[in-house]
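Visitor: Structure provided below as structure tokens; questions to follow.
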Amino acid sequence: MATIDLVVESGAGSALGRARDHLLSLQHPEGWWKGELQTNVTMDAEDLMLREFLGVREAAATERSAAWIRSQQNADGSWRKFHGGPGDLSTTIEAYVALRLAGDDAGAEHMRAAAAFARSKGGLETARVFTHIWLALFGAWPWERVPAVVPELMLLPSWAPLNPYDFACWARQTIVALSVVLAYRPRRPLPFALGELSGAGDWSRPAGTRPAGRALTMLDRVLGIYQRRPVRALRELSLARAERWIVDRQEADGSWGGIQPPWVYSLIALHLRGYALEHPVMRRGFDGLEAFTIEEGGVRRLEACQSPVWDTALALVALRDAGLPGDDPDFVRAADWLLDQQILARGDWAIKRPRLDPGGWAFEFANANYPDVDDTAEVVLALDRVEHPDAELVRRAIERGARWVEGMQSSDGGWGAFDADNCRALVRALPFCDFGEVIDPPSADVTAHAVEMLAALGRGHDPAASRAAEWLLAAQAEDGSWFGRWGVNHVYGTGAVVPALIACGIPADHESIRRAVRWLEDRQNPDGGWGEDCRSYDDPAWIGRGVSTASQTAWALLALDAAGERSLAIRRGVRWLVETQRPDGTWDEPQFTGTGFPSDFYINYHLYRLVFPIMALGRCGR
């Protein structure tokens with residue numbers, strides 16, 4: 001123990017200083033921070049297919065994108081969803097098509113390996129619905145074999161089942177755009193066939209196993225018939241309403257929701273509605289995509305999203321934990337930028353909360369329609385720690401944000417990310433919905449951040465926080481951990497919930513806290529760190545298990561520190577951070593520790609490997 005203490009005491013302070021200095025060096029002159037959001041090659045493949053469909057694909061940019069896609073191929077010919085994960089059929093098919101567009105010959109060794117992998121997993125026939133849609137756009141898959149989504153859903157009132165607001169905001173924007181695309185069913189054939197990707201089996205329409213699923217499968221068949229012969233007046237009214245809805249929700253940066261899926265499908269939908277490529281809406285859309293593109297080392301890759309608000313709030317919390325004064329000019333400059341980002345307009349969230357005043361923050365540079373609880377809570381936590389020359393300005397912004405978060409609490413006491421009470425699970429059973437979460441129910445991590453915010457403002461015993469604490473205690477898994485919706489996975493959930501419960505007055509000796517501590521200590525790796533593989537969302541054997549990473553080690557340490565631990569486990573965790581730090585003050589972390597959709601889509605937040613270790617070293621050092 002004495003040896004470990006000596007290592008920690010002698011190295012932790014220096015490691016914290018190096019990390020803090022590196023983080024400060026990354027601040028933009030305007031005050032914000034933004035790390036890259038790295039995802040799999042689906043983004044890049046679909047970008048090439050979008051440009052092919054719209055006739056704007058350029059040879060030089062195509063080759064740079066293709067170089068990136070090739071660089072990410074696995075030895076078995078596949079492409080994966082996350083670093084270190086197994087090959088994925090649909091990702092591989094889309095990457096393969098993109099490389100064929102770039103001119104790669106089907107007979108080339110890497111292409112033959114990719115095709116063989118695809119066939120071994122069932123081929124085109126067993127790909128996900130979204131992949132089938134891309135193939136159908138190019139005549140390589142029958143539209144009749146794509147589940148139906150009709151634009152007439154735009155005519156449903158918000159209380160009716162399967163109306164657009166039953167879907168989470170990210171799915172809602174995608175579904176509305178795709179309902180237009182599927183109404184037109186365009187075909188723009190590729191200059192090559194894809195027979196080498198066909199599997200041995202026959203395609204079959206997805207069918208639900210429960211009564212609701214079977215009913216929706218039958219509804220899909222009925223809608224498929226209607227899709228071929230719609231009521232003309234009703235169809236045109238629906239398409240016009242969908243078109244207006246899409247245009248109204250384009251953000252100032254040209255995006256839709258600041259994320260890739262609704263962005264690309266909205267551009268296609270509006271093009272099918274007659275919008276020329278030079279139309280201002282289309283032009284803004286393409287210009288915005290360029291701002292999401294990273295060009296370096298001869299490759300071109302696309303970010304699925306950008307996170308400046310989230311990154312800036314986390315950076316400020318980390319810097320305060322590292323000892324930076326609250327009136328430091330860099331800190332105040334960042335706070336000023338965050339104050340300018342507060343959203344004072346109503347968005348889709350107001351459908352469920354029509355009398356709630358706006359005041360939240362979004363994740364991205366521009367996403368005024370969709371502020372979220374998670375970002376708002378973290379921004380308030382950051383602003384609450386600033387010593388600003390205009391304290392009243394900050395107080396008013398904090399109060400608006402806190403009121404908005406409280407108003408977004410769902411009826412069960414928890415918080416979802418973007419909407420309140422977005423819990424109608426019926427939409428999950430739609431045959432169309434075979435990729436990604438499509439509703440936004442309360443989650444432990446978002447609820448924990450809201451509780452932590454309320455506690456920091458002295459409201460940890462208010463009714464909203466008390467109800468949420470009860471929700472969190474009830475959501476604890478039998479093993480003592482909490483599920484992580486927006487980070488991988490139980491390490492993230494547990495790392496968020498324990499500090500929140502402690503902050504709102506749950507004592508460290510409470511049985512739920514002790515169970516969480518025991519779970520974390522049991523999951524510590526032999527090297528002293530913590531890690532959890534993305535496969536934990538599908539295979540319980542991976543829960544709390546994986547290669548040690550800086551961000552996940554920090555999450556575990558934050559929970560242990562909040563619980564008052566000063567054990568061997570926390571010392572070993574700090575030592576792991578000290579010993580694995582790079583000379584420049586950051587940490588290597590190729591693993592994906594952020595979650596977009598559990599089981600389907602993951603993110604490597606490049607700033608996570610820095611901000612969370614700073615928080616952990618700063619708090620443990622106290």
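Visitor: So which residues in the stretch 70-84 are out of contact with any helix residue (DSSP H, G or I) (no Cβ under 7 Å at 6 or more places or on another chain) and under 15 Å from THR593 (Cβ atoms)?
Guide: Within the stretch 70-84, HIS83, GLY84 qualify.
Visitor: What residue, among those in the stretch 71-99 that are buried (at least 18 other Cβ atoms within 10 Å of the Cβ) and out of contact with any strand residue (DSSP E or B) (no Cβ under 9 Å at 6 or more places or on another chain), is farthest from PHE435 (Cα to Cα)?
Guide: Result: LEU99.
Visitor: Based on this model, can you work out whether ALA140 counts as closer than 28 Å to ARG221 by Cα and touching a strand residue (DSSP E or B) at 6+ places or on another chain (Cβ under 9 Å)?
Guide: Taking the combined requirement at face value, the residue does not satisfy it.
Visitor: Which ones in the stretch 112-169 are among the hydroxyl-bearing types (Ser, Thr, Tyr) and in contact with a helix residue (DSSP H, G or I) (Cβ under 7 Å, 6 or more places away or on another chain)?
Guide: THR126, THR131, SER158, TYR165
Visitor: Follow-up. Any idea which residue in the stretch 159-187 is farthest from ASP372 (Cα to Cα), counting only those that are in a helix (DSSP H, G or I) and among the charged types (D, E, K, R)?
Guide: ASP166
Visitor: Moving on. How many of the residues making up the stretch 315-340 are crowded, with 22+ Cβ neighbours inside 10 Å and either among the charged types (D, E, K, R) or without any contact (Cβ under 8 Å) to a residue 40 or more places away in the chain (or both)?
Guide: The qualifying residues number 1.
Visitor: Does GLY401 fit the bill of being in a helix (DSSP H, G or I), in contact with a helix residue (DSSP H, G or I) (Cβ under 8 Å, 6 or more places away or on another chain) and under 20 Å from ASP348 (Cα atoms)?
Guide: Answer is yes for this residue.
Visitor: All but one of (1) of a type in the set (A, V, I, L, M); (2) under 21 Å from HIS271 (Cα atoms); (3) within 26 Å of the chain's Cα centre (by Cα) hold for ALA140; state the number of the condition that does not hold.
Guide: So ALA140 meets the others, but not (3).
Visitor: Residues in the stretch 377-393 that are part of a helix (DSSP H, G or I) and surrounded by fewer than 20 Cβ atoms within 10 Å (Cβ to Cβ): how many?
Guide: Number satisfying all stated conditions: 3.
Visitor: Any chance you could count how many residues in the stretch 103-139 are crowded, with 21+ Cβ neighbours inside 10 Å and outside any helix (DSSP H, G or I)?
Guide: Residues that pass the stated criteria total 2.
Visitor: I'd like to check something: does the stretch 21-35 contain any residue that is in contact (Cβ under 8 Å) with a residue 60 or more places away in the chain and either assigned to a strand (DSSP E or B) or closer than 17 Å to TYR602 by Cα (or both)?
Guide: yes
Visitor: Identify all residues within the stretch 271-292 that are closer than 19 Å to LEU37 by Cα and crowded, with 17+ Cβ neighbours inside 10 Å; write none if there are none.
Guide: GLY288, LEU289, PHE292
Visitor: Another question, then. Quickly run through the stretch 324-345 and pick out the residues that are farther than 10 Å from PRO371 by Cβ and not aliphatic (A, V, I, L, M).
Guide: Within the stretch 324-345, PRO325, GLY326, ASP327, ASP328, PRO329, ASP330, PHE331, ARG333, ASP336, TRP337, ASP340 meet the criteria.
Visitor: Something else about it: So how many residues does the stretch 229-247 have that are free of Cβ contacts under 8 Å to residues at least 24 places away in the same chain and not in a helix (DSSP H, G or I)?
Guide: Number satisfying all stated conditions: 2.
Visitor: Determine whether GLY87 is closer than 23 Å to VAL488 by Cα, out of contact with any Cys (no Cβ under 9 Å at 6 or more places or on another chain) and touching a residue at least 24 places away in the same chain (Cβ under 8 Å).
Guide: In short, yes.
Bear in mind these aren't lab numbers, they're just calculated from the coordinates by the rules spelled out. Predicted model only: the values in this text are computed from it and were never measured. Quick reminder, even Gly has a Cβ in these numbers, built from the backbone with ideal geometry, and neighbours come from all protein chains shown.
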